[in-house]
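Peer 1: Here it is, the structure in full.
The values are calculated or read from the model by the stated rules, or taken from the named source; none is laboratory data. If you're wondering where the values come from, they're calculated on a predicted model, not measured in any experiment. Here the Cβ positions follow ideal geometry from the backbone for every residue, glycine too, while neighbour counts run over all protein chains shown.
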Amino acid sequence: MTNKANEAAGFIPADRMRHVGVSKILAMGMRAAEMKKAGRQTIILGAGEPDFDTPTHIKEAASAAMMRGETKYTHLDGSPKMKAAVIEKFRRDNGLEFTPDEVSVSSGAKQVIFNAFMASLCKGDEVIIATPCWTSYIDIVNIAEGTPVEIPCDDSTGFKLTAQALEAAISPNTRWVLLNSPSNPTGSAYRTEDYIPLIDVLRRHPQVWLMVDDMYEHITYEGFDFVTPLQLAPDLRDRTLIVNGVSKAYAMTGWRIGYGAGPKALIKSMAAVQSQSTSCPSSISQAGAIAALTGPQNFLKERARVFQSRRNLVVKHLNAIDGITCRTPEGAFYTFANCKGLIGKTAPDGTVIDSDTAFCNWVLDSTGVAMVPGEAFGVSPYFRISYATSTEELTEALERLEKACLSLTS
Ligand code: PLP
């Protein structure tokens, strides 16, 4: 069809985009940003990125690479040096060995996931996803014309998928199970004893592949030892893809570097998807990511300690509010609190809090504090707070929230 004819007919979105929309998280953030622009005292607790800066040694490595002339296309799914850095990371942090053809580097972990689903899903193939989850999983599966099968998990299981629920969800069409630990949005993380029963289920279903998103591996707290399923079940190696990246741990969200490790045939097919979309990850960002993965690692623990003290502050404040309960997350920088006790209450302006979305909208309008409703992640009535912001801002936001909740009546 010519452009003119297209204009006359109007824009017709592709079938694969039918279920894909702009995320509710972004919508809430945009509303809050507009309020801020209009002069309101707004505090946005929605950020999915650390408030720390990228460490200087990483910036210097990228800058030096640029000055050396490393400004051209690189090897399709990561330069040899970049892949070597990823291999070193898996050896050092997880005791896992990979070869370069088992490693894929992309423009962010999101692209790793996108490539994997585009490479492997046929129409109708099912992907089991425990919710609440990072909403992009569902959208990416939809774009790849797969079928997301959501399993709602609540705070009674620590938002973790149980073996029973997994077994019940597996069908002849199941292609993947996707797990994320520590989790966005709940901060909940799987321990060895949580993974073992799930691994046993997967052993009974050899056609089902496992994707694990370990993006928040380095943001975990006292008393929690991070583990990735392949460490516990080497026999699943020929059907497991580990997804990770430098965005959160090294405060490099804008650099757009993520990586995956998995079976060669999958990695090869993912590279083909990448070759026809972005060609390769940015050469300069790869230089920064190499410095991140092979340079000093001790600051990761220091940053995690800062996040831990903010987590403690938020959890304590939230649990002190009548009608709200919040479990203590093991990692990431989010709390996912239950607001069941506030549903049905009425605000002084007459607003009835009949859902978590209504609650978050009302809190934003009346206090200028932006949070994300559980509905955006597939499970209600909850709300997510990102504590990747200063302690002062957090304290102010929590005080406003508490005051607002106190004004609600039955
Ligand atoms: N996985 C999870 C669980 C996330 O929360 C995010 C970003 O919010 C990503 C992956 C994407 O990371 P990247 O910035 O590397 O694409």
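Peer 1: Find the residue count for the range 123-164, including only residues that are in contact (Cβ under 8 Å) with a residue 24 or more places away in the chain and either of a type in the set (Ser, Thr, Tyr) or part of a helix (DSSP H, G or I) (or both).
Peer 2: Adding up the residues that qualify gives 14.
Peer 1: Which residues, counting only those in the range 70-121, are of a type in the set (A, V, I, L, M) and either more than 15 Å from the ligand (Cβ to nearest atom) or over 14 Å from PRO281 (Cβ atoms) (or both)?
Peer 2: Of everything in the range 70-121, those that are of a type in the set (A, V, I, L, M) and either more than 15 Å from the ligand (Cβ to nearest atom) or over 14 Å from PRO281 (Cβ atoms) (or both) turn out to be LEU76, ALA84, ALA85, ILE87, LEU96, VAL103, ILE113, ALA116, MET118, ALA119, LEU121.
Peer 1: What do you reckon, is ASP225 assigned to a helix (DSSP H, G or I), away from the ligand (no atom under 14 Å from the Cβ) and not hydroxyl-bearing (Ser, Thr, Tyr)?
Peer 2: So ASP225 fails the test.
Peer 1: Something else: With the requirement that a residue be free of Cβ contacts under 8 Å to residues at least 24 places away in the same chain and closer than 30 Å to VAL372 by Cβ, what does the range 37-88 give you?
Peer 2: Once the filter is applied, which keeps residues that are free of Cβ contacts under 8 Å to residues at least 24 places away in the same chain and closer than 30 Å to VAL372 by Cβ, the range 37-88 yields LYS37, ALA38, GLY39.
Peer 1: Does ILE196 qualify as being among the hydrophobic types (A, V, I, L, M, F, W, C), in a strand (DSSP E or B) and away from the ligand (no atom under 15 Å from the Cβ)? Walk me through it before giving the result.
Peer 2: Working: among the hydrophobic types (A, V, I, L, M, F, W, C): yes; in a strand (DSSP E or B): no; away from the ligand (no atom under 15 Å from the Cβ): yes.
So ILE196 fails the test.
Peer 1: I'd like the full set of residues that are farther than 18 Å from PRO234 by Cβ and polar (S, T, N, Q), limited to the range 170-207.
Peer 2: SER171, ASN173, THR174, ASN180, SER181, SER183, ASN184, THR186, SER188, GLN207
Peer 1: Does the range 249-261 contain at least one residue that is outside any loop (DSSP other than H, G, I, E, B) and charged (D, E, K, R)?
Peer 2: Checked the range 249-261: no residue is outside any loop (DSSP other than H, G, I, E, B) and charged (D, E, K, R).
Peer 1: Within the range 165-179, track down each residue that is small (Gly, Ala, Ser) and either free of Cβ contacts under 8 Å to residues at least 12 places away in the same chain or crowded, with 17+ Cβ neighbours inside 10 Å (or both).
Peer 2: Initial filter on the range 165-179 (small (Gly, Ala, Ser)): 165, 168-169, 171.
Selection gives ALA165, ALA168, ALA169.
Peer 1: Right, something else. Could you please find all residues in the range 244-257 being farther than 15 Å from LEU300 by Cα, surrounded by fewer than 24 Cβ atoms within 10 Å (Cβ to Cβ) and not polar (S, T, N, Q)?
Peer 2: GLY254, ARG256
Peer 1: Can you tell which of PRO348, PRO373 is surrounded by fewer than 19 Cβ atoms within 10 Å (Cβ to Cβ) and in contact (Cβ under 8 Å) with a residue 40 or more places away in the chain?
Peer 2: When all the criteria are applied, what remains is PRO348.
Peer 1: Run down GLY39, GLY46, GLY78 and say which single residue is exposed (fewer than 10 other Cβ atoms within 10 Å of the Cβ) and outside any helix (DSSP H, G or I). I'd like the intermediate steps shown before the answer.
Peer 2: On the way: GLY46 fails: exposed (fewer than 10 other Cβ atoms within 10 Å of the Cβ); GLY78 fails: exposed (fewer than 10 other Cβ atoms within 10 Å of the Cβ).
From the options GLY39, GLY46, GLY78, the qualifying one is GLY39.
Peer 1: Right, next: Which one of LEU408, LEU342 is farther than 24 Å from SER247 by Cβ, crowded, with 19+ Cβ neighbours inside 10 Å and out of contact with any Phe, Trp or Tyr (no Cβ under 8 Å at 6 or more places or on another chain)?
Peer 2: Of LEU408, LEU342, the one residue that is farther than 24 Å from SER247 by Cβ, crowded, with 19+ Cβ neighbours inside 10 Å and out of contact with any Phe, Trp or Tyr (no Cβ under 8 Å at 6 or more places or on another chain) is LEU408.
Peer 1: Something else now. Which condition number does MET30 fail, the rest of (1) modelled with pLDDT of 75 or more; (2) part of a loop (DSSP other than H, G, I, E, B) being met?
Peer 2: (2)
Peer 1: When you go through PRO234, PRO206, PRO229 one by one, which is the residue that is out of contact with any helix residue (DSSP H, G or I) (no Cβ under 9 Å at 6 or more places or on another chain) and either in the same structural domain as ASP93 (by TED's automatic domain parsing) or charged (D, E, K, R) (or both)?
Peer 2: PRO234
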